[in-house]
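Report on the structure given below.
Only the coordinates and a few stated rules stand behind these numbers; no lab work does. Predicted, not measured: the structure shown is a model, and the values here were computed from it. Cβ coordinates were reconstructed from backbone atoms using ideal geometry, including for glycine residues, and neighbour counts include every protein chain displayed.
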Amino acid sequence: MVAGQILNRGIRDPKILSVFSKVPRDRFVPEEHRMRSYTDHPLPIGEGQTISQPYIVALMMELLHPEPDSRVLEIGTGSGYQTALLAEIASKVYSIERIPVLAERASRLLKDMGYANVEIRVGDGSLGWPEAAPFDRILVAAAAPSVPKSLAGQLAEGGRLVVPIGSALEQTLTLVERVQGNLRLQEGCSCLFVPLIGAEGS
Ligand code: SAH
């Protein structure tokens, strides 16, 4: 998976490649799809949601560029796979999931796997996690019609926020940086995520 789907398509950051080699994706895929854990596809994780395709997860990681001292906010825990990848690199990961069953499953799994620097809560992630803000990095794993204001407001100076922006049918993976107080947007590739459902989503 790492060689064929990630390295081959231009992801070169050794830190990212190494965490992808370390975190077993099959632990995050439901039993009935486990055989396909390392294929180049999103897979169902129940509740109508999916674990993203490995390449897209890698692309988001590259754009986000988490550092060892980063405090990260993730919106859309889903299976918890990307949460684990983030927790391998960053000092602390706060993750919000709106569907309780998914949040509980991910939370249990990450605890079993020994991740002590992860906090997961159920709620509307489009509003962020004000009590723990500001964040050095914010990753949104669901599509928003525009940059959610609350999330931009919780981004630290010099911070990076990655969010798919667009309609339900097509989005652009967007990098938002806070530079001297201002937000700077940079558009990346087109992508397809499930919608961010919430007050500042769709
Ligand atoms: N990165 C995840 C994939 C998540 S799919 C993984 O690796 O498995 C997107 C997730 O975002 C879904 O689980 C969905 O329920 C969740 N979601 C959608 N809107 C949300 C919101 N407003 N707040 C929190 N989670 C949300």
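Conditions (1) under 10 Å from the mean Cα position of the chain (by Cα); (2) farther than 25 Å from Gly158 by Cβ; (3) surrounded by fewer than 18 Cβ atoms within 10 Å (Cβ to Cβ); (4) in contact (Cβ under 8 Å) with a residue 60 or more places away in the chain, marked per residue:
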{"site": "Pro54", "(1), (2), (3), (4)": "no, yes, no, no"}
{"site": "Leu59", "(1), (2), (3), (4)": "no, no, no, yes"}
{"site": "Glu74", "(1), (2), (3), (4)": "yes, no, no, yes"}
{"site": "Ser91", "(1), (2), (3), (4)": "no, no, yes, no"}
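Please specify each residue of the range 152-202 satisfying the condition of being within 13 Å of the ligand (Cβ to nearest atom), among the hydrophobic types (A, V, I, L, M, F, W, C) and over 21 Å from Ile56 (Cβ atoms).
Ala199
Within the set of pairs 6+ apart or on separate chains, which have a first residue in the range 1-18 that is within 16 Å of Leu85 (Cα to Cα) and in contact (Cβ under 8 Å) with a residue 12 or more places away in the chain, a second that is aromatic (Phe, Trp, Tyr) and in a helix (DSSP H, G or I), and C-beta atoms under 8 Å apart?
Sorted first by the residue in the range 1-18, then by its partner, the pairs are Met1/Phe20; Val2/Phe20; Ile6/Phe20; Ile6/Tyr55; Ile11/Tyr55.
Out of the residues in the range 28-51 that are polar (S, T, N, Q) and within 14 Å of the ligand (Cβ to nearest atom), state the one that is farthest from the chain's Cα centre (by Cα).
Ser37
Could you check Pro68 against (1) in contact with an Asp or Glu (Cβ under 6 Å, 6 or more places away or on another chain); (2) more than 12 Å from the ligand (Cβ to nearest atom); (3) closer than 27 Å to Gln154 by Cβ and say which number it fails?
(1)
Return the total of residues in the range 94-148 being touching a residue at least 60 places away in the same chain (Cβ under 8 Å), surrounded by fewer than 18 Cβ atoms within 10 Å (Cβ to Cβ) and either part of a helix (DSSP H, G or I) or within 11 Å of the ligand (Cβ to nearest atom) (or both).
Count: 3.
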